[in-house]
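Have a look at the structure below before the remarks.
The values are calculated or read from the model by the stated rules, or taken from the named source; none is laboratory data. For clarity, every value in this text was computed on a predicted model and none was experimentally measured. Note that we place each Cβ from the backbone using ideal geometry, even for glycine, and neighbour counts take in every protein chain shown. In case anyone asks, the SASA skips ligands and DNA or RNA and just uses the protein heavy atoms, side chains included. Shrake-Rupley method; radii C 1.70, N 1.55, O 1.52, S 1.80 Å.
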Amino acid sequence: MTDSHLTRRALLRYGAYGAGAAALTGTAASWDRLTGADIPGRDDGSLVVATLGPAYGPEAIRTLREGFRELHPDIKLQINAVQAVDWSDFFAKILTQVAAGTAPDLVYVATEGVQLFAQRLGVALDRWVKRDAAELKEYFADVHPSLVESMMYEGSLFQLPVEFNAADMYLNRQVLRRAGAQYPPADWTRDDFTALLRDMKQASGSRFTPYFWTNRLWGGVVPWLFANGTNLLAESKAPGGEWLWDSFYPAEQRRGRGGGFRWTTPQATHDRVEEVYDYLASLVRDGLCTRPEGGNGQNLIGVFSTGRVGVTPAGGFWAGGLHLAGMDRDGFDVQYFPRWRAQRMQYGAAGYALLRTSQKQEEAWEFIKYAARRDTLTRLFTTNQTTPARRSMLTAGRYEKTGPAHWPVFYDTLDRFPDTGPIPAPPQVAEVEQLLLKHTGTALASPRSVRPALRRLQGDLEKAMERDA
């Protein structure tokens, strides 16, 4: 593997990114589709942008394309919505295109892939950010520094965040009323949370689940690890970044910031990690939550909106999802994740990464700036399908139709808790996530499974982190 090219052998090492590796073993007839060789605009001089298909429908793509054409009529733009099951599958398909020499110029990358792309495929944006500092001051003033720091790698900035979602707690108000419970205070604790689940269970039937969560890197075990003052991997900050912090953020906001996050030594057998798994196992044992399920959580919308689930972790994207499912804006609400030893919360963010293989880097930078503009994001995020990275976009008017009533929680998760951070996503994130999901399922399968499963998780993570991404 080199900086600008991935061989097929190297690509297979990224096989943990879901269906992408399996696709490589398919028929030769599908190779053009896999590699994007048949994509319109590939060879006509267009700037090619790849996005995750489910996140960007035809209307969103049209909005992006038409707005950019108005600003830059001299730059041809092709936006390709890559159909994929999830971020892992999406990254695998992009890596396939890179291996085939048909890479896009820009890729929409979530936290799960920021460091992978930065290390192997991405171009640091530092020189353009410094050059256009005056133009970007308004942007950075509107975006929390933690989101920006999550897009940095070893001192350099690789993406401008345009959206994020933090794992807050959604509560079904019908279930709260049924249990005679009130909307919890912002400083509620883990014990308050457990007591609420018990009240919900006592007031509901056998088909009811007080707490439901999905076994995945975002919103699964990790928010509980954060709340207990720990993490799956040892977390620290890379040095550097002063060039950005000193230019765009006041002293109180840049204090403690660095050159990006580092996730290194596995700590699955640490006492606080075991405490989290013991606690979740106790909830399963007492019938307060189900054993974790895989997937993206979309199946949860139906059971939550009909009152069969009381509480679940989700981000701002769920406000739009519940509204589309027909749930009234007063039927649900949101609160911060409960405090344990800490009240630090987790999030995932996303933005556009510029690939080193691009021959249109200046044009690509213009698109990155355009995509981060407030007017662009206002036209793009119309249904509350995510949380805008720009603080000024979160207004009462935005949530008037969809709810929830306590919508300020979404951005205040950052503003009130500035140590809130991204999910652990080193360059080896694909294997890390698969191991976490596998061993979490095993750990919570029975009361005596926790420690043996965490020991196996520790050993497998140590091997994964020793390998180069």
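May I ask you to list the residues in segment 84-95 that are of a type outside the set (D, E, K, R) and over 23 Å from residue 45 (Cβ atoms)? Spell out the reasoning first.
Filtering segment 84-95 down to residues of a type outside the set (D, E, K, R) leaves 84-85, 87-88, 90-92, 94-95.
Residues satisfying the conditions are 84, 85, 87, 88, 90, 91, 92, 95.
What are the residues in segment 75-114 that are under 21 Å from the mean Cα position of the chain (by Cα), open to solvent by 10 Å² or more (accessible area, probe 1.4 Å) and not aromatic (Phe, Trp, Tyr), if any?
Residues of segment 75-114 under 21 Å from the mean Cα position of the chain (by Cα): 80-95, 106-114.
Those left that are additionally open to solvent by 10 Å² or more (accessible area, probe 1.4 Å): 80-88, 93, 112.
Once the filter is applied, which keeps residues that are under 21 Å from the mean Cα position of the chain (by Cα), open to solvent by 10 Å² or more (accessible area, probe 1.4 Å) and not aromatic (Phe, Trp, Tyr), segment 75-114 yields 80, 81, 82, 83, 84, 85, 86, 88, 93, 112.
Among the residues of segment 212-228, is any farther than 24 Å from residue 437 by Cα, charged (D, E, K, R) and either touching a residue at least 24 places away in the same chain (Cβ under 8 Å) or in the same structural domain as residue 315 (by the TED database) (or both)? Within segment 212-228, none of the residues are farther than 24 Å from residue 437 by Cα, charged (D, E, K, R) and either touching a residue at least 24 places away in the same chain (Cβ under 8 Å) or in the same structural domain as residue 315 (by the TED database) (or both).
Confirm whether residue 207 is among the basic types (Lys, Arg), part of a loop (DSSP other than H, G, I, E, B) and closer than 30 Å to residue 308 by Cα.
Values: among the basic types (Lys, Arg): yes; part of a loop (DSSP other than H, G, I, E, B): yes; closer than 30 Å to residue 308 by Cα: yes.
Spelling it out, residue 207 is indeed among the basic types (Lys, Arg), part of a loop (DSSP other than H, G, I, E, B) and closer than 30 Å to residue 308 by Cα.
Can you name the residue in segment 141-183 that is part of a helix (DSSP H, G or I) and not assigned by the TED database to the domain that holds residue 128 and is also nearest to residue 126 (Cα to Cα) among such residues? For segment 141-183, the residue satisfying everything is 173.
Going residue by residue through segment 62-82, is there one that turns out to be at pLDDT below 50, part of a helix (DSSP H, G or I) and aromatic (Phe, Trp, Tyr)? I'd like the intermediate steps shown before the answer.
Filtering segment 62-82 for residues at pLDDT below 50 gives none.
Looking for residues that are at pLDDT below 50, part of a helix (DSSP H, G or I) and aromatic (Phe, Trp, Tyr), one finds none in segment 62-82, hence no.
Here's a check for you: in segment 408-428, which residue that is under 23 Å from residue 173 (Cβ atoms) and open to solvent by less than 20 Å² (accessible area, probe 1.4 Å) is farthest from the chain's Cα centre (by Cα)? Restricting to residues being under 23 Å from residue 173 (Cβ atoms) and open to solvent by less than 20 Å² (accessible area, probe 1.4 Å), the top hit is 409. Selection of segment 387-407 for residues being surrounded by fewer than 21 Cβ atoms within 10 Å (Cβ to Cβ) and either touching a Cys at 6+ places or on another chain (Cβ under 8 Å) or closer than 14 Å to residue 144 by Cα (or both) yields 391, 392, 393, 394.
Name the residue that is most open to solvent (accessible area, probe 1.4 Å), counting only residues in segment 210-219 that are part of a loop (DSSP other than H, G, I, E, B) and not polar (S, T, N, Q). Please lay out each step first, then the result.
Taking segment 210-219 first, the residues part of a loop (DSSP other than H, G, I, E, B) are 212-213, 215-219.
Next cut, not polar (S, T, N, Q) only: 212-213, 216-219.
On the way: 212: 18, 213: 1, 216: 49, 217: 1, 218: 27, 219: 4 Å².
Per the stated criteria, the residue is 216.
Would you please name the residue that is surrounded by the most Cβ atoms within 10 Å (Cβ to Cβ), looking only at residues in segment 118-135 that are touching a Leu at 6+ places or on another chain (Cβ under 8 Å) and hydrophobic (A, V, I, L, M, F, W, C)? I'd like the intermediate steps shown before the answer.
Looking only at segment 118-135, we keep the residues that are touching a Leu at 6+ places or on another chain (Cβ under 8 Å), and these are 120-126, 129.
Retained after the next criterion (residues that are hydrophobic (A, V, I, L, M, F, W, C)): 121, 123-125, 129.
Working: 121: 24, 123: 20, 124: 17, 125: 26, 129: 23.
The qualifying residue surrounded by the most Cβ atoms within 10 Å (Cβ to Cβ) is 125.
Condition test on residue 353, is it assigned by the TED database to the domain that holds residue 161, open to solvent by less than 10 Å² (accessible area, probe 1.4 Å) and part of a strand (DSSP E or B)?
On the way: assigned by the TED database to the domain that holds residue 161: yes; open to solvent by less than 10 Å² (accessible area, probe 1.4 Å): yes; part of a strand (DSSP E or B): yes.
Judged against the criteria, residue 353 is a match.
If you filter segment 429-438 down to residues that are in contact (Cβ under 8 Å) with a residue 60 or more places away in the chain and open to solvent by less than 60 Å² (accessible area, probe 1.4 Å), you find that the one that is nearest to residue 254 (Cα to Cα) is 429.
Look through 382, 378 and report the one residue that is free of Cβ contacts under 8 Å to residues at least 60 places away in the same chain, under 21 Å from the mean Cα position of the chain (by Cα), assigned to a loop (DSSP other than H, G, I, E, B) and outside the structural domain of residue 273 (by the TED database). So that I can check it myself, show each step before the final result.
Numbers: 378 fails: assigned to a loop (DSSP other than H, G, I, E, B).
Unique residue meeting the criteria: 382.
Find the strands (runs of 3 or more DSSP E) located wholly in segment 220-332 whose residues include 2 or more that are open to solvent by 20 Å² or more (accessible area, probe 1.4 Å) and over 25 Å from residue 196 (Cβ atoms), and list them.
Numbers: elements: 233-237, 261-266, 309-314.
Because the criterion is at least 2 residues that are open to solvent by 20 Å² or more (accessible area, probe 1.4 Å) and over 25 Å from residue 196 (Cβ atoms), the strands (runs of 3 or more DSSP E) in segment 220-332 that meet it are 233-237, 261-266.
Mind listing just one residue for me: the one in segment 174-198 that is aliphatic (A, V, I, L, M) and within 27 Å of the chain's Cα centre (by Cα) and, of those, least open to solvent (accessible area, probe 1.4 Å)?
This residue is 197.
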